[in-house]
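Q: Have a look at the structure that comes next, please.
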Amino acid sequence: MKDRGLSRRKIDIIIIVALVFSVFVLRLFYLQVIDESYQVMANNNAFRNVVQYPTRGLIYDRNGELIVYNEAFYDLMVIPGQVKAFDTAEFAQLIQLSVPECKKRLAAAKIHSRYAPSVFEKQISKETYGRLQERLYKYRGFYAQIRTLRKYPKSVAAHVLGYVGEVSPSMIEKDVYYKQGDYIGMSGLENFYENQLRGQKGQKIQIVDVKSQDKGSYMDGKYDVYAVPGQNLYSTLDLSLQELAEQLMQGKRGSVIAIEPATGEILALVSAPTYDPNLLVGRERSSNYHNLLNDPQKPLFDRALMAQYPPGSVFKLPQALIALKHHVITENTGFHCDKSLVGCHNHPDATNLREGVKMSCNPYFQQVYRRMIMQNIDPNRFIDSRKGLAMWEQDILSFGFGSRLEIDLPNTKSGLIPNVVYYDKIYGENQWAFSNFRSVSIGQGEVLLIPLQMANLAAIMANRGFYVTPHLCRKIGDNIPNDEYAKIHLTTVDSSYFKEVVNGMYDAVYAPGGTAHRAQVENITVCGKTGTAENPHGKDHAVFIAFAPKDDPKIAISVIIENSGFGGTWASPIASLLIEQYFTGEVKRVQMKQQMQEISFMNEIKP
């Protein structure tokens with residue numbers, strides 16, 4: 001019995017020793033295999049994995065002139081687990097922060113990770129980095145990492161180019177490529193072509209000593225991954241035209257858009273008021289963005305793509321073309337300028353379509369539109385109007401209205417083309433007729449277009465019936481960005497119907513009684529159409545579209561100036577100056593240029 005008890009105790013002791021040993025083995029396995037923190041901490045004592053950020057692709061204009069380049073700066077990084085006691089006051093003074101702010105940032109970095117690097121201070125200048133570099137050995141766990149900032153030598157095209165900012169947590173969740181402290185295109189071309197412009201990050205393994213000083217690459221860089229630079233973007237912009245357009249739109253709200261009709265390439269795109277893109281770069285970006293956001297003139301709002309206006313009389317052009325297609329009028333149809341139907345300026349009666357366009361007669365085009373909508377298809381005027389509107393809608397949508405033009409920029413509006421469904425919601429089914437929406441005939445009422453759609457209409461008139469989707473990128477790297485930007489979109493109106501309408505646009509600029517005489521350019525035939533977009537809150541908006549030359553057009557343009565009145569007074573001269581610049585490389589009419597630059601409508605009531 002005694003031997004049996006002794007044997008039992010030995011077994012118990014063996015079991016206990018085995019259990020203790022097993023616990024140590026399991027713990028060792030956990031530390032070495034499962035939990036990587038100790039391995040990371042050990043590695044960080046000898047190695048540092050430094051992200052190699054690629055240089056972002058440059059942006060050029062259509063003539064190879066540089067619009068956006070990169071400038072080096074530095075981020076101060078920290079690995080909290082390596083930080084030893086240091087003179088916080090001296091360190092804070094060195095990087096121009098307060099002592100409490102330094103302590104706050106170090107605590108935040110510890111919360112993020114004790115062993116992974118965090119950004120301690122962003123975008124340190126080369127001068128600050130020069131002072132810091134000499135003393136960085138005193139602050140173990142801190143090191144500098146080179147980055148780049150965007151720079152804009154001409155300070156133009158802010159809405160087109162967009163800006164680059166730091167990624168948010170939600171962006172990181174959507175795309176694993178990005179980590180805290182990374183930068184991403186937030187708007188404009190920077191956003192639309194982010195994947196091509198950003199390049200691919202690399203990684204360098206550095207050997208560091210106990211003072212956290214760099215001692216060179218591990219294994220001569222054998223395990224380094226090199227960053228791949230972003231691709232350069234070659235835009236469609238003509239930089240000199242863009243600069244002039246922005247100068248001419250100073251002191252104004254509105255937009256200017258110029259397109260090469262045959263290709264859909266955008267030569268200039270201006271939203272006014274604009275801002276210097278350099279304001280949204282560097283350490284002052286946040287405060288500058290806040291100031292721009294709270295500016296009552298809304299310079300961050302892209303009027304060219306997002307402001308929706310009644311097009312006014314420029315809408316008479318597609319109205320005439322659709323009516324010709326459906327044979328409800330001919331080129332020789334004339335109408336009396338009956339002001340009892342709708343108000344109009346004083347001019348002789350238009351005896352044909354060409355004169356109607358030249359003089360922009362409101363009663364003329366209301367009667368044209370009435371014939372299109374009410375074709376006596378049904379004896380019931382409500383049903384007749386319903387069927388006529390449905391036919392009209394099919395044609396008007398083919399001009400790129402009522403839907404988003406797939407330009408290579410984000411956040412573009414679609415405008416509004418009222419249709420059967422729209423009026424059913426307002427009045428009820430079969431409870432409305434032409435009289436309820438007759439103002440659409442002259443581009444008023446419910447119809448809305450964005451400036452890009454108006455410029456595209458000018459391109460359609462130039463091309464006599466087709467357009468190519470407007471776009472801003474000719475090439476990125478060695479690639480054409482999208483087949484969409486080579487595709488021809490035909491309207492439903494045959495090119496044969498465009499002749500007399502285009503002749504009317506020519507007469508508007510050159511013939512007696514035309515509404516756009518100020519659009520004339522020496523030795524260049526300009527075809528144009530004025531418009532006045534009614535504004536119930538104040539002075540009307542001036543609208544003008546044009547193309548030049550009349551035969552084989554090279555430029556189509558739209559100009560909108562809010563609260564400035566008639567389109568022929570202020571919008572058409574700006575268009576003519578830009579046409580002159582584009583064809584001759586200079587503006588000889590210095591007095592007109594100065595007048596357009598100096599006139600301001602900022603104090604008028606906003607829409």
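Q: If packing is taken as the mean number of other Cβ atoms within 10 Å per residue, what is the order of 265-277, 195-207, highest first?
A: Details: 265-277: 24.2, 195-207: 17.2.
Those peptides, ordered most packed to least, come out 265-277, 195-207.
Q: For the chain, what is the relative contact order in percent, using Cα pairs closer than 8 Å and at least 6 residues apart in sequence?
A: Working: 1283 pairs, mean separation 82.1, N = 607.
Relative contact order for the chain comes out at 14 percent.
Q: Report the relative contact order of the range 301-453, percent, no decimals, based on alpha-carbon pairs under 8 angstrom and at least 6 residues apart.
A: 34 percent
Q: Here's something else I'd like to know. Sorting check: for 167-174, 521-528, which peptide has the highest mean count of neighbouring beta carbons within 10 Å, and how do the rest follow?
A: So the peptides 167-174, 521-528, ranked by packing, come out 521-528, 167-174.
Q: Also, quick follow-up: With everything on Cα atoms, drop me the angle between helix 498-510 and the longest principal axis of the chain, reported from 0 to 90° to the nearest 10.
A: That helix lies at roughly 90 degrees to the long axis.
Q: For K413, list the aspartates and glutamates whose Cα falls under 12 Å from its own Cα; do not include residues on the same chain fewer than 8 positions away.
A: Partners found: D302.
Q: Under the definition of Cα pairs under 8 Å and six or more residues apart, what whole-number percent is the relative contact order of the range 48-235?
A: Once divided by the residue count of the range 48-235, the mean separation gives 33 percent.
Q: Gain in length, S340 to N411, computed as 0.36 nm per residue apart minus the alpha-carbon separation, to one decimal in nm?
A: Value of the extension gain: 21.4 nm.
Q: Take every Cα-Cα pair in the chain and report what % of them are more than 47 Å apart.
A: 34 percent
Q: While we're on this one: Let me see the P(r) profile for the range 48-235: every Cα-Cα distance counted, bins of 5 Å, each bin given as a percent of all pairs.
A: Result, from short to long distances: 1, 7, 14, 18, 18, 15, 12, 9, 4, 1, 0, 0 percent.
Q: Quick one: which residues, 5 or more positions from K475 or on another chain, have an amide H under 5 Å from its amide H? H modelled 1.01 Å from N in the peptide plane, none for Pro or chain starts.
A: Result for K475 returns Y234.
Q: Would you pull out the residues with amide H under 5 Å of F120's amide H, same chain only if 5 or more places away, H placed 1.01 Å from N?
A: Amide H neighbours of F120, under 5 Å, 5+ apart: L76, M77, V78.
Q: What ³J(HN,Hα) values, in whole Hz, does the Karplus curve 6.51 cos²θ - 1.76 cosθ + 1.60 give for the range 463-473 when θ = phi - 60°, with x put for Gly and Pro?
A: 7, 6, x, 8, 9, 10, 3, x, 8, 10, 10
Q: A follow-up question, please. Please give, to one decimal in nm, the separation of the simple spin-label points placed at S286 and S496, each 7 Å out from Cα toward the Cβ.
A: Placing both labels 7 Å beyond Cα along the Cβ direction yields 6.6 nm.
Q: While we're looking at this one, here's another question. Can you list residues from other chains, or at least 5 along the same chain, whose modelled amide H is less than 5 Å from the amide H of L449?
A: Amide H neighbours of L449: Y309, L416.
Q: Shifting gears a bit: Say R0 is 51 Å: what FRET efficiency, to the nearest 0.05, do T584 and Q96 get from their beta-carbon distance?
A: Efficiency, from the Cβ-Cβ distance: 0.50.
Q: Suppose every Lys and Arg Cβ carries +1 and every Asp and Glu Cβ carries -1, with no other charges. What dipole size does the chain come out with about its Cα centre, to the nearest 20 debye?
A: On the way: 67 positive and 62 negative charges, 508 e Å.
With Lys and Arg at +1 and Asp and Glu at -1, about 2440 debye.
Q: What's the angle, to the nearest 10 degrees (0 to 90), between helix 362-373's Cα axis and the longest principal axis of the chain?
A: Helix 362-373 sits roughly 80 degrees off the main axis of the chain.
Q: Quickly work out the Y177-to-Q200 label distance, labels modelled 7 Å from Cα along the C-beta direction, and quote it in nm with one decimal.
A: 1.1 nm
Q: Among C102, I79, T148, whose Cα projects farthest towards the positive end of the dipole of the range 69-160, with charges put on the beta-carbon of Lys, Arg (+1) and Asp, Glu (-1)?
A: I79
Every number here is computed from the coordinates shown, using simple stated rules; none is lab data. Computed from a prediction, not measured in an experiment: that's the story for all the values here. Cβ coordinates were reconstructed from backbone atoms using ideal geometry, including for glycine residues, and neighbour counts include every protein chain displayed.
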